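J.: Have a look at this one.
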Amino acid sequence: MITPAQMRAARALLGIDQRQLAEMSGVSLPTIQRMEASDGTVRGVIDTLMKVVEAFDRAGIELIGDNAQSTEGGRGVRFKHAKPPDLR
C-alpha cells in the first residue's frame, strides 16, 4: 500500500518533517517514526495507514504503486523498475 521510502519522499516533496505529518494525519509522532523505520511495506493498523494516505492526498500528493499509472500529470519521481537496484 505505502512504503517507508514513499512516506519520506512525500514529506520531502511537501517540505515537512515527521512532526508535521503527525499533526496533518492525526497520528502520533512515534507511530510515524515507526512507520518510516519499517522494512518493505509499512505495517500497522489499517485506520492509521489510511489517515496518513489521506493526509498526503489532501496535501496534493499522489502515492503511486508498482506498475500503476499516474493520471494527474503532476511532477514526481518513481523507480524505473519495480525493485530498485542495491546501491550499497
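J.: Mind checking the full-extension length gain between A9 and R43? Use 0.36 nm per residue of separation minus the Cα-Cα distance, one decimal, nm.
T.: Numbers: separation 34, 0.36 × 34 = 12.24 nm, distance 1.75 nm.
Full extension of this stretch gives 10.5 nm more.
J.: Evaluate Rg over Rh across the range 11-55, taking Cα atoms for both radii and Kirkwood's formula for Rh.
T.: Details: Rg = 9.8 Å, Rh = 10.6 Å.
Rg/Rh for the range 11-55 comes to 0.93.
J.: With θ set to phi - 60°, apply the Karplus curve 6.51 cos²θ - 1.76 cosθ + 1.60 along the range 16-33 and write out the HN-Hα couplings as whole Hz, x wherever there is a Gly or Pro.
T.: 3J(HN,Hα) across the range 16-33, in whole Hz: 10, 9, 4, 4, 5, 4, 4, 5, 5, 9, x, 10, 5, 4, x, 5, 4, 4.
J.: Let me ask something additional. So which trypsin sites (Lys or Arg not before Pro) in the range 38-74 pass both tests, a DSSP loop state and at most 15 other Cβ atoms within 10 Å of the Cβ? Can you show the working numbers first?
T.: Details: sites: R43, K51, R58; in loops: R43.
Here the sparse-neighbourhood loop sites are R43.
J.: Using a 1.4 Å probe and ignoring any ligands, DNA or RNA, find the accessible area of E23 and quote it in Å² to the nearest 10.
T.: 140
J.: Quick one: if you stick a label point 7 Å off each Cα along the C-beta vector at S28 and S70, how many nm between them?
T.: The two pseudo-label positions are separated by 3.4 nm.
The values are calculated or read from the model by the stated rules, or taken from the named source; none is laboratory data. Keep in mind it's a predicted model, so treat the numbers as computed, not measured. Ideal geometry is used to build each Cβ from the backbone, glycine not excepted, and the neighbour counts take in all protein chains shown. Heads up: the accessible areas ignore ligands, DNA and RNA and are worked out on the full protein's heavy atoms, side chains in. Shrake-Rupley method; radii C 1.70, N 1.55, O 1.52, S 1.80 Å.
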